[in-house]
Every structure is written in C-alpha cells, then in structure tokens.
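Report on the structure given below.
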4 protein chains.
Amino acid sequence: MKRYRLDGSGSIEGLTLEEAERPCPGRHDVLVRMRAASLNYLDLKILHGHFPAKTAGLVPLSDGAGEVVELGEDVTRLAVGDRVASTFLPHWIAGPLPADARKVQPGATIDGMLSEYVVFPEEALVKAPAGLTYEEVSTLPCAALTAWQLFTGARPLLPGETVLVQGSGGVSLFALQFAKLAGARVVATTSSADKAARLKALGADIVINYRDMPTWGQAVRVETGGIGADHIVEIGEADTLEQSITAAAVNAQINLVGRPVGAPPIDPATLMRAIATYRRISVGSRTEFEAMNRAIEVHGLSPVIDRVFDFGQAPDAFATFGKRGHFGKIVIRI
Amino acid sequence: MKRYRLDGSGSIEGLTLEEAERPCPGRHDVLVRMRAASLNYLDLKILHGHFPAKTAGLVPLSDGAGEVVELGEDVTRLAVGDRVASTFLPHWIAGPLPADARKVQPGATIDGMLSEYVVFPEEALVKAPAGLTYEEVSTLPCAALTAWQLFTGARPLLPGETVLVQGSGGVSLFALQFAKLAGARVVATTSSADKAARLKALGADIVINYRDMPTWGQAVRVETGGIGADHIVEIGEADTLEQSITAAAVNAQINLVGRPVGAPPIDPATLMRAIATYRRISVGSRTEFEAMNRAIEVHGLSPVIDRVFDFGQAPDAFATFGKRGHFGKIVIRI
Amino acid sequence: MKRYRLDGSGSIEGLTLEEAERPCPGRHDVLVRMRAASLNYLDLKILHGHFPAKTAGLVPLSDGAGEVVELGEDVTRLAVGDRVASTFLPHWIAGPLPADARKVQPGATIDGMLSEYVVFPEEALVKAPAGLTYEEVSTLPCAALTAWQLFTGARPLLPGETVLVQGSGGVSLFALQFAKLAGARVVATTSSADKAARLKALGADIVINYRDMPTWGQAVRVETGGIGADHIVEIGEADTLEQSITAAAVNAQINLVGRPVGAPPIDPATLMRAIATYRRISVGSRTEFEAMNRAIEVHGLSPVIDRVFDFGQAPDAFATFGKRGHFGKIVIRI
Amino acid sequence: MKRYRLDGSGSIEGLTLEEAERPCPGRHDVLVRMRAASLNYLDLKILHGHFPAKTAGLVPLSDGAGEVVELGEDVTRLAVGDRVASTFLPHWIAGPLPADARKVQPGATIDGMLSEYVVFPEEALVKAPAGLTYEEVSTLPCAALTAWQLFTGARPLLPGETVLVQGSGGVSLFALQFAKLAGARVVATTSSADKAARLKALGADIVINYRDMPTWGQAVRVETGGIGADHIVEIGEADTLEQSITAAAVNAQINLVGRPVGAPPIDPATLMRAIATYRRISVGSRTEFEAMNRAIEVHGLSPVIDRVFDFGQAPDAFATFGKRGHFGKIVIRI
C-alpha cells in the first residue's frame, strides 16, 4: 500500500509518498481502506514544524474516511463494509475532555490518515452519516465537530437566537449550516462580495464585509436591533476577538476556536467589558460526533468542499490550503 | 365596557355578559384594550368549578392579547400603541418558578381576559411578535409557552433528535412547530386520518394513529430505529404515560403537561423502567416568553387556530372547546 | 482459586463454593486479587431469580475491591499493586448512560466479584480512594455512586439546601454523608429511635420516624419552614413516593432509585402535583466514580458498614442482607 | 436625617455630610433605617470619577443593611421590623442578567446607601440572614453575591474539587468560605505570612505566597498533583490572569471578577492554552442572594470584616480602603 510521510524538514517538499506493508488489526482493531482525508490548519502547522511534537516520519492528517475491510476477532462495534470516519481525539469517548486525551492525536502524535490503509482501535471510529460521499465524510472529524460545539455549551442555542460566524473556513461554514438547522439567525463576516453571496446561499441572514467595515462588531449590534450576537464562533485571527466582544449580547457565549498566531494582545479589561462566557472549544467526544452525524443524516446536510485533490497531488492540496483562499474544505481522495 | 363573569354555578349558562366601568391604571400599570382571548383546559375546569379557588364573580380566561391604550405615570417598559400579550403567571419574571407565583393567576385567582379593557401591572405583559394577528397572539401565553419548555430543560433539544407529541391540542401543535424550527424529527400521535394529514402538513415526520395502534409506544421505537424518542410532551390523558415510557429513548426527557383527570394509576416500577427524566412543566417565565416571541417573529410561525368566535358567542366557544374535537386553539375575538 | 456460583435454583442454598483455575489477563486486561465484595438489593433479586437474565452458573455480586496482581501487555492505566474497585457498568466511561451499556453488568449478565481472582478490562476499574480498607472500597461501585448522582443532575446541590433521604440502606447513608460534605441540611426518615440516633451521628439534621408519622411528607414541609426538600433520594418502597411528592419544594429534584417491587400504584395527577423533576438514576459513569473517590479521599469519608462476613460465610451474608435490618452495607471479605 | 453626597470633585474631600428630609415611600416602596454600609472597589472608582456616570450629587455606596421602618400601602413582601440588605442591581430578580439591569445601580447611577434613611422599591431588598449583625449584612450585596457565583455556573462545584482564590479582598474571602462550605479544597494566594495564617484560619488548605513564588500558577499545579484548579476566582490584577491559566485544570471554570485597571495585555493564544471556560461574573440575582443567605444562615457563616468606621468617619473609611491593605471588608456603621 501507499502512504505519505513527513520527513521533518518543515516544508511541503518533505511530504513524501512511500510504499509500506498493509498493517494488520489486533484483536480489538479494525482495518480501514481509507478513501478520503481532509486538511485542517493544524495539519499545516505540523507540516511546517510549528507543533510541539516531533514530526519526522509521521503520516500526516487527522481527518479521514473509509471502509472497514477487516476486523480483529474481538471487535463488536463495527462490521466489514461499514463506512466510517476517524476521530480527532480517539480517547475522548463521552463527557468532558479527559485530561490526557490529547496525548493520542492522529496526524500529530501518532500516524494519521494520508495512507491507503489504516488500523484503528474499534473505539476510535464512528459510522458515517448515510448519504454522504467519502470526501464529505472526511471533512467531519475536526471542523464539523468543532462547529457542533455550538450545541454543547452551558447555553443551548435557541430558535430565533443570533449566531455570529467569521469567514469561510471549515469550522465557520459548518457553524453556519448547523445554526440554520437549529433555527438561529446567522450573521457572517467575509472579505468579498463573491464570498458574501455564497454565504447567503448557505443560509446566512446577514453578511458583513469586514474590509468595508473594520469595526464590524458594532455593525452586528446594529443588525440585531442593539441586542448583539448570542453565540459567537471566534476564530481568533487578527483583531477578531475585540470585535466579537463588541458584538456580544449580554450573556453571550463566545466559543474560542483554534490557537491564533500573531493576533494582537488584548487588554483583560476588554475581556471583562462583555458580560459573557468565553469557552475554549476543541473538537468533541465520539458521542457528540454520533449525535452530529444523526443531525447531518436527518437533514441531508452537505459539507462544503472547496476542492478535491487526488492522492498523488497531496502536496498541491497542502499548498492550496496554505494560501487560505478556500471556501470550505480541501479534501484529498485516496 | 363589557365583560364576562362566572356566577359560580359551574355551567356554561353561568357565564354572563355584564356592563362595567372601564378600569384606571395605577402608577405602574397600563390599560389594555383587549382584542382576543384564547381557551385552555384550565379555563374549562374553572368554569365547571373543578379548581380549588372560588370562582363566583370571576372574569374568566388566562390568555389574552390587545393594545396598550393608557399608561400609569411611572410606566417605563411599554408605550401607548404597543401590541401585547398577557402572561399566565405574572409574578414569574425569570429563572425557575418562584414558590408563590401561582397565587396570582388571571382567570383563576384574579380576574382574567374576557373583558374589553383590562388593567395590568407593566411587569405582567410582553410585546407581541410582529406579524401575528391579535387572535394569534392570544394563543401564546399558556399553550405556546408550555410547548416552548422543550427548550428550557436540562437536556437541550438538538437538531436530528426525535420529539414525540400527542394529539391536536394547543400545546402539542406548538410543540410540533417549535421542534421543527429547531431541526428535530417529530413523531405525532392522533386518532384520525384527517388529523394525521394536518399534522403532516404542519411538519410531523411520522404520524401514528393510536386507535389503530393502542401500543403506539412500541411503534415509536420501531419508527426511530429502536432508539425511541428523546423528548416527549406527555399530555397525561388516559394511558398515554405508559406508552410514552415505552417510547422513551435512554436518557429521554419526558415533559409532563397539565393535570390529568381520570388517567389510570401507574406502577412506580413502570416509571423506573425508563432511564429518563420526568419533568413537570407549567408555562414559563416572562423572559422565556420573550425569547419564544423572538423565535416566532424570526420564523414567521403561525399559531394553529381551530376557530374564532365573536365576543357575544363566548359561551359557544366554551361549549365547542368542551367537545374536544378541535385541532389547535379556540379563540374569542373581543 | 475459589469462587462462588449460583446454581439457578433461586435460593441461598444454590450459592455454591467451587475450585476454579485462576484466569489469565488478555493484552488489555488486568488480574485482580479480590479482597472484598459488597451486597446490593439487585444481588438478592438475582439470587432469587427475579431478574431477566439466566443466572445458573453465574458468579454473583456486582461490587468488589482488590489489588492488581498482573497486567496484560498493552495495559497503560494501571500498575501491579494498585488498589482498585470494580465498576457496576464497565462500558459507561463518561457522559450520559450509553444506550447499550447495561448489557454488560458483572454479577448479572457476566460473572461477578465473589471470587478470589477476577480478570477485568483495564477500562473497567477505578483506583480506590486512599485511606479506605478493601471492605470499605467494595461498598462504593453501586451504592455510593448512585448517591453521588445528587451532584450530577440538572440542579446542582447548593450549600444550605435541604436533602431528604429515606431509611438506612447503603444509598441513603451515602447520600446523607455526601449531602453533608456539600453543605446541605439533611432530613432523614427512619423507623426506630436507635437508628434515628445513628443517623444523627452521621450528620442528619432532622430525623423523622415514619412509623410515628406516616404522613411524614407533611412533616418535612413543617421542618423546612414550609419550603420542602430541594433534593430527594426516593428509594421507592411502599408509599414513599407519595410522601416524597408532598415533601418536595417547588422545583425539587426527586431522584428515583432502584426498581420498587410491590409499591402501590400512583395516580399520574399526584405526580403532577409537585412542580418537580423526577430523575431516574442508576449508578454513574467511571469518570463520576473517580470524582467521587476524590471527594471521599479529600474528606476522609468512611463508608458505613453494618457487618463483614468471611468468604466462607457468603450464604450467611445473603441471608442477613435479606432480612433488611442492616444499617449501611453488608460486606464479604475475600 | 443625615447623608453623604459626592460633590463630583473626584477626591475624598468631596464626600460631604448633609442634612436632608427623610424620604417617604410610595405605594410599592419601603423606608429603611440604614444601619451599615460596606465599601467595594467600584465605590472608590466612583469617588475618584473613574466611572462613566456623572457623580456630582450622588449618595455613594452600593451595599447597605438596615431595618424596615415604614411600608407603602401596596407592599406585600416585607413588614416593619424586617432586617434587610440592599441589592446591587435591583432590577435583576432571577435568571440571567437582564440586558438593561445595569442602568439602575445604587451608589452609581442612583443614590446609594450612605444615608440614615433610604426608600427602596419592595422588590429591591432581601431579608438578612438570621444571626448576622447589620455590619455583617452590609458586606453581602456585592462581594458575597459575586463569590456565590461559584455555584451558579455551568459547572457545579463538587466536594473534593479545588478552588483557587487570590488575595484578601472581600470577594476572595467569601469565595474561600463558600468553597469550604461546599466541600472543596481551597488554594489561596497572598503576599505575607501574616495573611497566610489568617487565610489558613478561614479554612484555606494551601496558601501560596506570590511574592516568594511569582509563577504561582505552576505551584498550584504541583500542589494539586498535576491536575490544577477546577474553579478559579480571578481578580484580574496585574498578571494574575496568566498565572490562573497556568493553574487551570482541564475544563476549569475561570470566573472573571471586576474590571482590572492596568493589567498587562494578554496574548489570545495564552487564553487558548487552557481548555477552560472564562466566565465574566458580576454579582447575581435577588433569587441567588436569597439562596446565599439561606446557606449563610444554615452554617452560621461570619463575613470577614477588617474594620468598622462610624458614620462621621466615612472619609476615613474610603481612605483606609484606598490603601488596599485590608483583610476582608471595610464597613461604615450608620
């Protein structure tokens, strides 16, 4: 079988295709013929060596989808032929994040998905929602499940409430789609008229161009009749946090995504300005993944894919992703 | 002005129209020209004297809508011309039910809405959602707000989850409509093909005829792939509770509505059969009413009205309501 | 090694001691030298054949404690020498009860603890709180963790609130102790002056003798200044449920424990009388077990043990337990 | 009667005692003979003019206690002779903070407590816990109720969990006391051996001197066996926030108090480092105040008062408070 490895050089050139032995599942494991994998910012940071772990020799990518082709003898949760998605943190089964669950993270601390075959503990997979292609399924483990956290905080998302999303990355688009499923109004920010039109087509009720309106936080307040946004998915780039604080309704839930690099420092007094909760989110549990898949299946929701690359073009996928112009997810077909 | 009073005889004939002085608002009060009132089962029980409080002389009906026509001098929350709805428990402003809030209940312990003019403390009203007629607004204070409790329990209602509603009463239809807004699947029970068609038109995904299928709890399990319903609005008639318990998913939230008369006793062991929470609900706070109105307004939701009677036909409205054949709410135009 | 098995006859005589091979742990398993096991009502029902599963050949008892003596080669969570407790539902790791977790239940659907050696998947054990004897640790998996659910519901237990517990069974005494740790006032019911004194010694603020006061629900209201109990651990015997409903404060959380046999049926209208939540509880997750152990360790809490029997006296332990006169837990030393 | 007013000069000299007419209660109001008032940092900021509102002519201080001496004719919640405390935000009755509740704030936007008599709407008072002096009661409305928010967040405080408090201000000491009532372990930071001893006497399990140990966040981790603190009351001075983030357990709840002046800016990436929730807290509702008073009364908890000044010494009280050397609350007897 074929797979990619990072050579630890910290560049796209270091992503090398190699031939390897097809792995064998242990008693509690399953073998999956991978069919697609998707990219997240963390994958790019890992490729470039901006991640604590040593990456030389690592098979990259955290998110993948495929078909179960072989079962270990003690496996009970899955069957041959099941269409499955990987989980971002395989040790997070349910409930709050276990303290040590981040030690095992495919594509980061253990080998990832950019491989024709991968062995998984049976606990580390979820069944794919019916009706989605493998390419679509591969977009779910990180971006969709992070967006699904809109529903898992202390403050439930009510029909009629306002959700604020930023830009056109994977998490933001899933958050837009999920918020609409749940009956919310969505305010989205973007940088171009073209993307604005696509955000509206996905259901955004109000789109604000942050280039035209750098103090868009205030614009959100105006658009919501002075109330502000009830739930915010804060991507944490540049000065978005300060604008989000301005945009926040009293008692807003501000979901902090990712780990921003190069964002300007913020005055703690600014944080205190909003009577709000800032909630650091980072994917979710397998149980939440299953609940999300049920919603996707019931509603026939289609993940937004910007572009699909062939397996041999994996370096091009990383390069395209690195330019950050995409609208939705970048996927590699395996 | 005109208004109706109960003479305490316990019959529809005891509902008498009388001429009265238009009341004057105190400093913190507003005067409302009532335009519509709607009926609930409790109103019928009160008419028939099946309610603890003494009812001779009482102006009936808990739920009404109208227009603010005069303000007390200290009023700040409302203005002349505001379209408003009454609140079922005016002392329940926010948070959990205050221990003594049920002492003040229009149409039950104090005069109600079946009157051309009513004085309210300004705290006892909410602004109507834009886009609704007064008849529609009058359906909200009890039935809609009770159904809205789907969103206020410990377990939030997630997109993709299954909600079970029973029959065609006001609470059940609002629950169906609200559950659809929030992205749920809805299973509804009914007794006729005609009503089944109307429930489907309102968005019900699955309708079960409980006459054809007396053990419909099991049918709900089958229709949900063995999982059962996640949220149940249990109306508490006849043997519905036992069927609901059978229908309940693990960790289901079973919302208990109303105060059933003549339902068969239930074995506590049956209650324990489901790993579920039984949650007695009874309308909600003014703050929740406002959140509900926001959702109604954002979605342009139309309450289901079975029939509107003129003010002079109020006894006919009670008689029609008492026959229990309605689909949605019975309203009296004032 | 020695162990007990049920012969399926449904009587204490059918509990037979036998010699067996010491089992070997698989790659993800650990071997535990059991040191103590405790009895719960379910064990008695299983012994007497009042449980759905077939019990002939079953090693009884769900709750045990011991020392890890051997590790499978892939084990990471535990080490040789660790003092551990079993878990009642080994597949319930965290979050809400998984739908199928009750299929695997030691002492009920798989072999239990009344054995000198038991092999466990490493996921199925928790470390014992420091400072407890093995006899004490063996009381925790079912009774203590069920009582700990006081802290896991929608309504947190606040200092100054009132908790109502019933009688002197294991769950009730742990609930009393945990409620006191958390700053609650505790009202306990009992049937004798002797037990009343022991309940007071454990921290009960108010003890009501239900023989002297059959309508003790009203007495609870009086003792709480008319407010009622905020949290109730309802054991579900005889007519306790109706008294609990009378005793319940507005917005009370009534935790339903066990599966009562022979309790009188209850009118659904009685259930509706309290504005309360009835929450069926049944042990808890491993994660909750760990949180509970932390509290036990921090506070040096001592489980209440009525009597310890030697391994050879296991039938006497069941017989004594069956007489229901105990105050706290019955334990078998292994 | 006598009262103090600020002259708007922004200095302690501008605090002037004057003679005024005793006010009369309206129909829904009560007249209170004030007996004590306590100081908070906000009062100092208002005195110095560092608060948005215009303060010339304002009667200062938000927190007071006294005795009801006269009732308006429609008053039902209180009686003459009731011992009462003021509420910091009188329009916050229950549930989450209403969006406009901060417009009415005694001692800030309306006249405050430093007066022999004050008229209150009956909704704006709570009954004092039995057993406390007026001086003690006057410490509750802001500092104690803010500390009580430990119990009102999404994550309940469990027995055995660790709470981190900072320094010796009013909120921190109440948080220490409340956390101990609820069975938590408390880690406190301080700057002197003397204060460390007093914190231990109040129940702190671990005290860390932040002068000796500027990176005390790491010390908290060590003292908690690597876990970190589960609940943090972050006062927001200097660089405490960064240390709190280091000290935070996975899934910690970091309660942000006050509005820090002069704290160094923080990198958003630092905020993201902890998988935690940052929750801006600001006093609480009247309903929460009542729940807190119940806990105080049940446990006989004594607020920590540093020093009591006579009414004529009010300027000295402000001066002493401004030096920030106090341990607990500064109170003025009226």
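Brief remarks on what is shown
- As a summary of the residue check, D:Met213 satisfies the conditions (1) within 14 Å of chain C (Cβ to nearest Cβ); (2) without any contact (Cβ under 8 Å) to a residue 12 or more places away in the chain except for the one numbered (1).
- Some residue of the range B:108-125 being closer than 30 Å to B:Ala188 by Cβ and of a type in the set (D, E, K, R): no
- Any chance D:Val233 is more than 9 Å from every other protein chain (Cβ to nearest Cβ) and β-branched (Val, Ile, Thr): yes
- D:Ala276 meets the conditions (1) closer than 30 Å to A:His50 by Cβ; (2) aliphatic (A, V, I, L, M); (3) at pLDDT below 95 in every case but one. The failed one is (3).
- Test: residue in the range C:52-65 that is within 14 Å of another protein chain (Cβ to nearest Cβ) and either within 22 Å of C:Arg324 (Cβ to Cβ) or of a type outside the set (A, V, I, L, M) (or both): yes
- Candidate set from the range D:124-138 (those that are away from chain C (no Cβ under 12 Å) and farther than 11 Å from D:Thr87 by Cα); member that is farthest from the chain's Cα centre (by Cα): D:Gly131
- Taking every residue in the range D:17-33 that is in the same structural domain as D:Tyr134 (by TED's automatic domain parsing) and pairing it with any residue that is among the hydrophobic types (A, V, I, L, M, F, W, C) and surrounded by fewer than 13 Cβ atoms within 10 Å (Cβ to Cβ), at least 6 positions away or on another chain, the pairs with Cβ-Cβ distances below 8 Å are D:Leu31/D:Cys24.
- With respect to being surrounded by fewer than 24 Cβ atoms within 10 Å (Cβ to Cβ) and either away from chain C (no Cβ under 14 Å) or without any contact (Cβ under 8 Å) to a residue 60 or more places away in the chain (or both), B:Gly170 falls outside the description.
Residues checked against (1) acidic (Asp, Glu); (2) crowded, with 16+ Cβ neighbours inside 10 Å; (3) within 14 Å of the chain's Cα centre (by Cα); (4) under 30 Å from B:Lys2 (Cα atoms):
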| position | (1), (2), (3), (4) |
| --- | --- |
| B:Ser282 | no, yes, yes, no |
| B:Val304 | no, yes, yes, yes |
| B:Asp310 | yes, no, no, yes |
| B:Phe318 | no, yes, no, yes |
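- Residue in the range B:264-282 that is of a type in the set (Phe, Trp, Tyr) and within 23 Å of B:Ala94 (Cα to Cα) present: yes
- Per the listing A:Met1, A:Met34, the residue uniquely in contact with a Phe, Trp or Tyr (Cβ under 8 Å, 6 or more places away or on another chain), closer than 17 Å to A:Lys329 by Cβ and at pLDDT 95 or above is A:Met34.
- Residue under evaluation C:Gly72, criteria (1) within 14 Å of chain A (Cβ to nearest Cβ); (2) buried (at least 21 other Cβ atoms within 10 Å of the Cβ); (3) modelled with pLDDT of 95 or more, criterion not met: (2)
- Top-ranked residue of the range D:57-100 - restricted to ones that are polar (S, T, N, Q) and in a loop (DSSP other than H, G, I, E, B), ranked as farthest from D:Gly170 (Cα to Cα): D:Thr76
- Selection status of A:Ile296, in the same structural domain as A:Phe178 (by TED's automatic domain parsing) and either touching a residue at least 12 places away in the same chain (Cβ under 8 Å) or aliphatic (A, V, I, L, M) (or both): no
- Any hit, the range D:185-208, residues being surrounded by fewer than 20 Cβ atoms within 10 Å (Cβ to Cβ) and within 14 Å of chain A (Cβ to nearest Cβ): no
- Test: residue in the range A:258-275 that is under 23 Å from A:Phe151 (Cα atoms), surrounded by fewer than 21 Cβ atoms within 10 Å (Cβ to Cβ), in the same structural domain as A:Ala196 (by TED's automatic domain parsing) and among the polar types (S, T, N, Q): no
- Residue count, the range C:75-110 (criterion: among the charged types (D, E, K, R) and away from every other protein chain (no Cβ under 13 Å)): 2
- Test: residue in the range C:41-54 that is at pLDDT below 95, of a type in the set (A, V, I, L, M, F, W, C) and in a loop (DSSP other than H, G, I, E, B): yes
- Scanning the range B:61-100 for residues that are out of contact with any Ser or Thr (no Cβ under 8 Å at 6 or more places or on another chain), among the acidic types (Asp, Glu) and under 25 Å from B:Phe311 (Cβ atoms) yields B:Glu67, B:Glu70, B:Asp82.
- Counting the residues of the range A:1-32 that are of a type outside the set (Asp, Glu) and assigned to a strand (DSSP E or B) gives 11.
- Here B:Asp82, B:Asp63, B:Asp111 are screened, and the one residue that is surrounded by fewer than 24 Cβ atoms within 10 Å (Cβ to Cβ), closer than 30 Å to B:His299 by Cβ and in the same structural domain as B:Gly328 (by TED's automatic domain parsing) is B:Asp82.
- The range A:32-47, subset of a type in the set (D, E, K, R) and either under 18 Å from A:Pro315 (Cβ atoms) or in contact with a helix residue (DSSP H, G or I) (Cβ under 9 Å, 6 or more places away or on another chain) (or both), residue surrounded by the most Cβ atoms within 10 Å (Cβ to Cβ): A:Asp43
- For C:Leu241, the conditions (1) within 14 Å of chain D (Cβ to nearest Cβ); (2) under 23 Å from B:Ala276 (Cβ atoms) all hold with the exception of (1).
- Of everything in the range A:50-60 that is touching a strand residue (DSSP E or B) at 6+ places or on another chain (Cβ under 9 Å) and closer than 28 Å to A:Ile305 by Cβ, the residue that is surrounded by the most Cβ atoms within 10 Å (Cβ to Cβ) is A:Pro60.
- When B:Thr246, B:Thr224, B:Thr287, B:Thr277 are checked against the criterion of being within 19 Å of B:Ile206 (Cβ to Cβ) and touching a residue at least 40 places away in the same chain (Cβ under 8 Å), a single residue qualifies: B:Thr224.
- For the range D:209-240, the tally of residues that are of a type in the set (S, T, N, Q) and crowded, with 18+ Cβ neighbours inside 10 Å stands at 2.
- Only listed residue being within 14 Å of chain D (Cβ to nearest Cβ), surrounded by 18 or more Cβ atoms within 10 Å (Cβ to Cβ) and over 16 Å from the mean Cα position of the chain (by Cα), chosen from C:Val298, C:Val250: C:Val298
- Conditions (1) over 15 Å from the mean Cα position of the chain (by Cα); (2) closer than 30 Å to B:Gly226 by Cβ; (3) more than 14 Å from every other protein chain (Cβ to nearest Cβ): number failed by B:Leu157: (3)
The values are calculated or read from the model by the stated rules, or taken from the named source; none is laboratory data. Since we're looking at a predicted model, the values are computed, not measured. So basically every Cβ, Gly included, is an ideal-geometry build from the backbone, and we count neighbours across all protein chains shown.
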